[in-house]
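Reviewing the structure listed below.
The values are calculated or read from the model by the stated rules, or taken from the named source; none is laboratory data. Predicted, not measured: the structure shown is a model, and the values here were computed from it. Note that we place each Cβ from the backbone using ideal geometry, even for glycine, and neighbour counts take in every protein chain shown. Only protein heavy atoms, including side chains, enter the accessible area calculation; ligands, DNA and RNA are left aside. Shrake-Rupley method; radii C 1.70, N 1.55, O 1.52, S 1.80 Å.
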Amino acid sequence: MDSKKSHSLYPCGRPLLTFPDPLKIVLLGATGSIGKQTLEVVRANPERLQVVAVTCHGSVENLEQELILLAAACPEAPLPLVAVTDPKARRKAAELFSGRLLGEGASALVEAIEAPETVHVVVNGLVGAVGLEPTLAAARRGVRIALANKESLVVGGDLVRREVQTHGAEILPVDSEHSAMAQCLSGRTEEEIHKLVLTASGGPFRQTSAADLQKVSLAEVLNHPTWTMGPKITVDSATLMNKGLEIIEAHHLFAVPYERIEVLVHPGSYVHSFVEFVDGALLAQLGTPDMKLPIQYAVCGEKHWPLPGSRLDLLQIGQLVFEEPDLKRFPCLALAMQAGKAGGSATTLLNGANEVAVAALLDHKIKYGDIPRIIEEVMESESIHPVGSLQDALAFDTQARRAAEVIVARLSQTEREV
Ligand code: NDP
Ligand code: MG
């Protein structure tokens, strides 16, 4: 297939980049849920995978522990470079990682990608819009990007496409639904795709009534039925914003219009997603909920390497259940769909407002039901513009955050007065 005709960010029907062993990996967000599971995958494959740089925000002791485990499993590998972005953790980081600590602040993320002599794969396991700039830097290095940070595509999907295409990089998805689609698309071209069907667990409130949703506690929000993940994505899964962000992610990755991306609630989370082809063939990928599979599949360049762990027992499951998502009870999903269709800065604004609202919920400042209210109010108050550069994206992100913070302050004031 002529790559010039291709619009998908994912290298659909195109050959993947090839690298010699061991694959040299930069791991952004090494202390997070995705980061730690990536390190597990590396520890299980010391001959084939090597970490050359890692980053964390403030949890430097946690990072030190992870690097001790890594060094024990990979004794031949040189110690990786380290970037710590939280200035408050700088002194401790300098003590722990003397001689290999990169600069401070968010620019250290870009430095972690640019500093190592050889890089083959950048795993982006950062949470939030902060992931966009390093995704663009990885694209400029022309490497494989194993992308967990879906916010990169929500905040600046068009920018990422431009840099990936200009510099010959590739994006392989880590998000389990998009990895499932990539596994179904192996050897196919984007012209063969008719429709994408994203599955959703439905989160902890799948069966909670609209009235009861207004009273749920933070502990209930954080109690996800099938996956153990970082706090932000766990909240997004409870509001179904996560599925909304994933629709936008799928649109950018596979160049499929929003009208042909569907969501099905599938409580067991056995089917990770479907691709329907133009001849009506429907392919799915199934498995137990274990992020190490999509992480490994993306990092190694879409091969099915051995992976220990539990296996799906179809007889035990017996049947697969699917339901339509309820956009009334879960307005965040509807808001994300609207933003995706509106395009331009709409998804950047959506993401910025959501990040502030989620942080406020985790900080006990607002209620679960306030999240969609905040996002809707921000979306209604801001106009939509094209996102032509990283500076544009960051400016729209800041604009949305400021607007959302004003609403949070108002809501938390009302809360205190009640
Ligand atoms: P976590 O919160 O567990 O980890 C986030 C990582 O990013 C940590 O290493 C953290 O460092 C670092 N970090 C946080 N804030 C900043 C910042 N401001 N600047 C630099 N680094 C920062 O997140 P997850 O691993 O759950 O999620 C990561 C991404 O992967 C998200 O985009 C999520 O949507 C996506 N994803 C996650 C899945 C999962 O199973 N967890 C599944 C599918 C997608 P520190 O520890 O020092 O704070
Ligand atoms: Mg997912």
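In this structure, does residue 413 turn out to be in contact with an Asp or Glu (Cβ under 7 Å, 6 or more places away or on another chain), in a helix (DSSP H, G or I) and open to solvent by 20 Å² or more (accessible area, probe 1.4 Å)?
no
I'd like to verify a number: residues in region 124-163 that are more than 16 Å from ligand 2 (Cβ to nearest atom), assigned to a helix (DSSP H, G or I), out of contact with any strand residue (DSSP E or B) (no Cβ under 6 Å at 6 or more places or on another chain) and over 17 Å from residue 391 (Cβ atoms), how many?
Selection size over region 124-163: 1.
Residue-by-condition table, conditions (1) assigned to a loop (DSSP other than H, G, I, E, B); (2) open to solvent by less than 40 Å² (accessible area, probe 1.4 Å):
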site	(1), (2)
183	no, yes
187	yes, no
191	no, no
205	yes, yes
229	yes, no
245	no, yes
249	no, yes
264	no, no
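Identify all residues within region 7-39 that are of a type in the set (D, E, K, R) and in contact with a Leu (Cβ under 9 Å, 6 or more places away or on another chain); write none if there are none.
21, 24 - these are the residues of region 7-39 that are of a type in the set (D, E, K, R) and in contact with a Leu (Cβ under 9 Å, 6 or more places away or on another chain).
I'm checking my understanding of the structure. Among residues of region 227-246 that are within 11 Å of ligand 2 (Cβ to nearest atom) and among the hydrophobic types (A, V, I, L, M, F, W, C), which one is farthest from the chain's Cα centre (by Cα)?
227
Hey, among 148, 112, 129, which residue is farther than 22 Å from residue 358 by Cβ, surrounded by 15 or more Cβ atoms within 10 Å (Cβ to Cβ) and of a type in the set (A, V, I, L, M, F, W, C)?
Within the list 148, 112, 129, the selection yields 112.
Checking residue 50 against (1) buried (at least 19 other Cβ atoms within 10 Å of the Cβ); (2) away from ligand 1 (no atom under 16 Å from the Cβ); (3) touching a residue at least 40 places away in the same chain (Cβ under 8 Å): exactly one of these is not met. Which one?
Tallying (1) buried (at least 19 other Cβ atoms within 10 Å of the Cβ); (2) away from ligand 1 (no atom under 16 Å from the Cβ); (3) touching a residue at least 40 places away in the same chain (Cβ under 8 Å), residue 50 fails exactly one: (3).
Filter region 65-122 down to residues that are charged (D, E, K, R) and touching a Lys or Arg at 6+ places or on another chain (Cβ under 9 Å) and give me whichever is farthest from residue 17 (Cα to Cα).
Only one residue fits best here, namely 104.
Could you list all residues from region 378-404 that are surrounded by fewer than 18 Cβ atoms within 10 Å (Cβ to Cβ) and either assigned to a helix (DSSP H, G or I) or in contact with a Gly (Cβ under 8 Å, 6 or more places away or on another chain) (or both)?
380, 381, 384, 385, 386, 390, 391, 392, 395, 398, 402
Hey, can you tell me all the residues within region 172-224 that are in contact (Cβ under 8 Å) with a residue 40 or more places away in the chain, hydrophobic (A, V, I, L, M, F, W, C) and more than 14 Å from ligand 1 (Cβ to nearest atom)?
Listed by number, the residues that qualify are 184, 185, 193, 196, 197, 205, 210, 213, 216, 218, 221.
Residue-by-condition table, conditions (1) modelled with pLDDT under 95; (2) buried (at least 16 other Cβ atoms within 10 Å of the Cβ); (3) not polar (S, T, N, Q):
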{"position": "221", "(1), (2), (3)": "no, yes, yes"}
{"position": "239", "(1), (2), (3)": "no, yes, no"}
{"position": "256", "(1), (2), (3)": "no, yes, yes"}
{"position": "259", "(1), (2), (3)": "no, no, yes"}
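Quick one: residue 364 ticks every box in (1) open to solvent by 30 Å² or more (accessible area, probe 1.4 Å); (2) at negative phi bar one, so which box is it?
Of everything listed in (1) open to solvent by 30 Å² or more (accessible area, probe 1.4 Å); (2) at negative phi, residue 364 misses just condition (2).
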